[in-house]
Amino acid sequence: MRGHLDACRSLETGVPADCRCEEEERRYMTLAGWSFGLFVFEFAGGFFANSLALMSDAFHVLFDGMENILSVFVARMSRESERNEERIRAIGGLVSASLLLVIAGIIIREGWERLFAPHEVAWFMTLVAVAGLGVNLWQRRHHQEAPDEHRNITHFWQDRHLVSDIAASGAVIIGGVVMLVSDWYWVDGLLSVAIGIWIAFLTMRRLIATTTNHHGHNHPH
């Protein structure tokens, strides 16, 4: 296994190397940009459509964007400190998971209140959710293009979050269709609670896995 500093220096000196260190940072910055843009789009759509489920999904996307920014710093610190890479990635995962648990709790509380006090939801929330699904699918495809040496624990859990985003968007779309044809607006609150519980479940899995297993940044010989 080649070290971070040696591999990156070999690129700077012109010697061929398989490690493309800065690509990991650029990939997470790209994902963050799309996540922040999607947050604004979905939050505005949820606000005007009066859909808590859509706004909950928007906050989920927002924290994914924040996690991507955190992943940029984790990748950079890991690149500059090979010896402490596993520890740095583990700490980054714990910080990210803590933030997600906070937002999950807020979503569950607000969704529970909306479940027993439903409000009419505008029809176009479904269209906003469809657009969000498209962005999530593109993000995962882009993330899956990462080279093998960057498929570490940071990459693994980011992929799981993208799958979660895709599932949440699909659920919001189905819920939007149900409300459109039946006027069962309590579904909006139910979806919010479900999204919050799902986020909390995945986050707890990540916390357990982070504290029991570590994966480094793999550089081929």
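Okay, here's what the table says:
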| item | result |
| --- | --- |
| Compactness of the stretch 121-188, expressed as Rg and Dmax over alpha-carbon positions, Å | 15.3, 50 |
| Where labels lie 7 Å past Cα in the beta-carbon direction, separation of residue 201 and residue 29 in nm | 3.7 nm |
| Per-peptide average of other Cβ atoms within 10 Å, ordering 136-148, 38-50 highest first | 38-50, 136-148 |
| Local electrostatic count, residue 200, Cβ distance below 13 Å [Lys/Arg +1, Asp/Glu -1] | +3 |
| Three-way shape label, the stretch 93-221, alpha-carbon gyration tensor, a/c 1.5 | oblate |
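Each reported figure results from applying straightforward, stated rules to the coordinates on display, with no laboratory input. Being a predicted model, the structure only gives us computed values, none of them experimental. Heads up, the Cβs are rebuilt from the backbone with ideal geometry, glycines too, and the neighbour counts pull from every protein chain shown.
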